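Input: a single structure, listed below in structure tokens.
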Amino acid sequence: MKNPMKLLCTVTAISTIFITGCSKSTSGTPVDQPAIEYVDPQLRGEILKKSNIPFSGYYPLTGIGTYSEVNQRAFAVMINNHPKARPQSGLHKADIVYEILAEGAVTRFLAVFQSELPEVVGPVRSARDYYIYLSKGLGAIYVNYGGSPEAFDLLQYREITDYIGGIVRKGYADDQFFYRADFRDAPHNVYTTADNLLEGAKKRNFSLTKEIEAFSFLSDEDMKVVGGEEATEVTITYSKSYKPGFIYDENLAKYQRLVNGKESNDRETKTPITVDNILIIEAPHRVVDNAGRRDINLDRGGKGYLIQLGVIQEVEWKNVNGRITPYIDGKEAGLVPGKTWVNVIPTSPGLEKMVSIK
């Protein structure tokens, strides 16, 4: 393996990336050399990657190689998907997004950030119990603003303790870590930031590091032989106003997310939301109150579609230690390294009627 310090010296000799040179003492030890951790992480990564130095680790939720730490704890943030809340902020940086019905035909997102945090996140919305369990399965710090009675019960009286939440029923409220934007009306205007999330976790004494079990990811060779029926356009119909879709970009080998046929972009940066894996599963749904809230069984397992690299495969999904995991022929299905979007739909009407593939 090449010496990273010698590598940085070489780069300095041919550019002005670093201010100080790589002079050496009489003992042969470099002096006046900026420590490698002070080099811009993206620049450092490019330098090391081009020099064929192996990655020091892989992010567990994306399978992407990195020279940075990989044990930072995830934040799982509830994000509003009402038409008045679009376009959202920060979804393009989520490692995994779960899109599930909240009440009626309204879906809501649980955006999981582990490998990176966006500067702005939102609009933040209220909790539901099944989203909380998904967050717990990933060992994440759960972030919400309000919630259903079942969700409040979980957050305040049971085993779910690491959360940052505004408007709580009893106990503490973390409104100080949220703010209301003036360009949207309530309840679609609650936002937070990466700095606020980190500050909130520190003030609550939540650990910001955690070893997370990695999902199974495909190797470069595996990706060359992925089979299945062609799937370049995907549409999921929850209702007329909630019709997410994906279109495959062969040049990027990624899927661009759509909302009702239009590109889904980040509000602040205009960055398109692209994903590498689309997992669509069906699960039993049951309406439990007059507000249309649901009980969704994410424990039983069932049928699903795994869509990646322009093709679709039928899978069985299982709940493994709180994590929705796809299986093919009894073996955990490999994901393409990158971002994953999970859509949960009711078993009735089910995959065949709610999902359109071209």
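The values are calculated or read from the model by the stated rules, or taken from the named source; none is laboratory data. Only a predicted model underlies this, so the values are computations on that prediction, with no experimental measurement involved. Counting neighbours? That spans all protein chains shown, and the Cβs are built from the backbone with ideal geometry, glycine included.
The rows are residues; the columns are (1) modelled with pLDDT under 95; (2) among the hydrophobic types (A, V, I, L, M, F, W, C).
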position	(1), (2)
Thr271	no, no
Asn277	no, no
Asn290	yes, no
Ile312	no, yes
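Considering (1) touching a helix residue (DSSP H, G or I) at 6+ places or on another chain (Cβ under 7 Å); (2) more than 19 Å from Gly90 (Cβ to Cβ); (3) without any contact (Cβ under 8 Å) to a residue 40 or more places away in the chain, the lone condition that Ser241 does not fulfil carries the number (3). The set of residues in the stretch 192-233 being in contact with a Gly (Cβ under 9 Å, 6 or more places away or on another chain), surrounded by 13 or more Cβ atoms within 10 Å (Cβ to Cβ) and either under 19 Å from Ile160 (Cα atoms) or of a type in the set (Lys, Arg) (or both) consists of Phe206, Lys210, Ile212.
Annotation: Gly322 fulfils all but one of (1) touching a residue at least 12 places away in the same chain (Cβ under 8 Å); (2) within 22 Å of Phe246 (Cβ to Cβ); (3) of a type outside the set (Asp, Glu); the unmet one is (2). Going through the stretch 136-157 one residue at a time, which ones are among the polar types (S, T, N, Q) and in contact (Cβ under 8 Å) with a residue 60 or more places away in the chain? Within the stretch 136-157, Asn144, Ser148 qualify.
Residues in the stretch 138-162 that are modelled with pLDDT under 90 and not in a loop (DSSP other than H, G, I, E, B): Gly147, Pro149, Glu150, Ala151, Phe152, Asp153, Leu154, Leu155, Gln156, Tyr157.
Is at least one residue of the stretch 289-301 in contact (Cβ under 8 Å) with a residue 12 or more places away in the chain, buried (at least 17 other Cβ atoms within 10 Å of the Cβ), in contact with a Lys or Arg (Cβ under 8 Å, 6 or more places away or on another chain) and at positive phi? Yes, because at least one residue in the stretch 289-301 is in contact (Cβ under 8 Å) with a residue 12 or more places away in the chain, buried (at least 17 other Cβ atoms within 10 Å of the Cβ), in contact with a Lys or Arg (Cβ under 8 Å, 6 or more places away or on another chain) and at positive phi. Residues of the stretch 295-350 that are outside any strand (DSSP E or B) and closer than 30 Å to Pro149 by Cα: Asn297, Leu298, Asp299, Arg300, Gly301, Asn321, Gly322, Thr347, Ser348, Pro349, Gly350. Taken as a whole, the stretch 81-100 holds no residue that is modelled with pLDDT under 95, polar (S, T, N, Q) and either in contact with a helix residue (DSSP H, G or I) (Cβ under 6 Å, 6 or more places away or on another chain) or not in a loop (DSSP other than H, G, I, E, B) (or both).
Among the residues of the stretch 263-284, those that are part of a strand (DSSP E or B) and either of a type in the set (S, T, N, Q) or surrounded by 20 or more Cβ atoms within 10 Å (Cβ to Cβ) (or both) comprise Asn265, Thr274, Val275, Asn277, Ile278, Leu279, Ile280, Ile281, Glu282, Ala283. Take Ala127 and tell me if it is touching a residue at least 24 places away in the same chain (Cβ under 8 Å), at negative phi and surrounded by fewer than 24 Cβ atoms within 10 Å (Cβ to Cβ). So Ala127 fails the test.
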